[in-house]
Amino acid sequence: MARQKGANSEVTYNRILGTATRLFSCCEPSTVSLRRIASESGVTIGTLIHYFGSRDELFRLCIDSFYERIAALREELLIGALARGNLRDGIIYAVRRGFRFGCENRGALRMRMVSLIREGKVEDDIFEYFIVPTLQDVGMRIRATLPGATMRRLRVAVNSVVILVVRYALTEPAQLKMLLDADKNATEEQVLAAIEEYLVDIAMRTVGVAITATSHEADSEDVRILISSRSTRADETGPIRRT
C-alpha cells in the first residue's frame, strides 16, 4: 500500500509519479526498476518505497492519476460544451479541448496504451463504471438535439471520435507534419491547429451534425499551413491549402 502523503511531501510525491509515468510510457512496466525511477526522480530507493511500496502499486497509482485527470476533463468538457449553447459549437469545443489535453498529456496516454496492449482490453470495472456511463451521458445530451438518432449509434459514434482524437494526440508533431506534407517552416502550433480542424470535421460527420461553412473553419493564416507543391492534387480539400 502507498503511504499517505502530507502537504510538505506533495512535490516529491508528484515528481516520482511524473517520472514513473514517463518511464512506464516508453518501456514495458515490468522492465522499469524502482531504482531507475528513484534515480531519475532525484530520491532514494527508500523514499520511493516509503511513498509507493512496490512497482505494481506505483504503476496502479499512475493509472489512477491518469483517470482522475480524465474524469476532471470529462466534467470540463460537459460544462464547456453546454455553455456553447448549441450542439455544433459544443462538439467543436469538446474536440479541440480534448485533442489539446491529449497532446499535453501524451506521456500519460502512452503509458495507458502500453497497459491496454499488455492486458488486451480495458479493465472491466473501468469500462463498465466509467467509459460506458460517459458515452451514455454524452449520447443522451446529443440525442436531445438529434431525436432521430439511436443511443446505440450515438455511443459508438462518440467512442469512435474519442479513439481518433486520442490516436492523433499520441502522434508526435514531427510525424503529423510529415502526414500533412507541411512546409518545413510550419510551426508545431500550425500543425496541431490543422489536425484539430480535420478532427472537428470528422467528429461532425461521425456524430451526424450538418456541416456549414463556418465556425469551425480556421480564421487565421497560421492554420493554413503552406504546403510544398511537389504533390499538389486537384482534389485537395480542408483547412490546409497547397500553394
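What the table shows:
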| item | result |
| --- | --- |
| Condition met for Gly85 (loosely packed, with under 14 Cβ neighbours inside 10 Å, under 30 Å from Val138 (Cα atoms) and either at pLDDT below 90 or polar (S, T, N, Q) (or both)) | yes |
| Qualifying residue in the stretch 98-107 (condition: touching a residue at least 24 places away in the same chain (Cβ under 8 Å) and loosely packed, with under 13 Cβ neighbours inside 10 Å) | no |
| Tally, over the stretch 1-23, of residues that are at pLDDT below 85 and either loosely packed, with under 12 Cβ neighbours inside 10 Å or within 23 Å of Arg110 (Cα to Cα) (or both) | 5 |
| Residue among Gly90, Gly53, Gly42 that alone is in the same structural domain as Arg143 (by TED's automatic domain parsing), small (Gly, Ala, Ser) and either surrounded by 16 or more Cβ atoms within 10 Å (Cβ to Cβ) or in contact (Cβ under 8 Å) with a residue 12 or more places away in the chain (or both) | Gly90 |
| Close pairs from the stretch 58-83: first basic (Lys, Arg), partner outside any helix (DSSP H, G or I), Cβ under 7 Å, at least 6 apart | Arg69/Asn105 |
| Residue among Val32, Val11 that is out of contact with any helix residue (DSSP H, G or I) (no Cβ under 7 Å at 6 or more places or on another chain) and of a type outside the set (S, T, N, Q) | Val11 |
| Condition check for Lys177: exposed (fewer than 13 other Cβ atoms within 10 Å of the Cβ) and among the basic types (Lys, Arg) | no |
| From the options Gly102, Gly85, Gly107, Gly80, residue that is under 25 Å from Ala203 (Cβ atoms) and part of a loop (DSSP other than H, G, I, E, B) | Gly85 |
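The values are calculated or read from the model by the stated rules, or taken from the named source; none is laboratory data. As the structure is a prediction and not an experimental result, all values here were calculated from the model. Glycine gets a Cβ as well: all are built from the backbone with ideal geometry, and neighbour counts include every protein chain shown.
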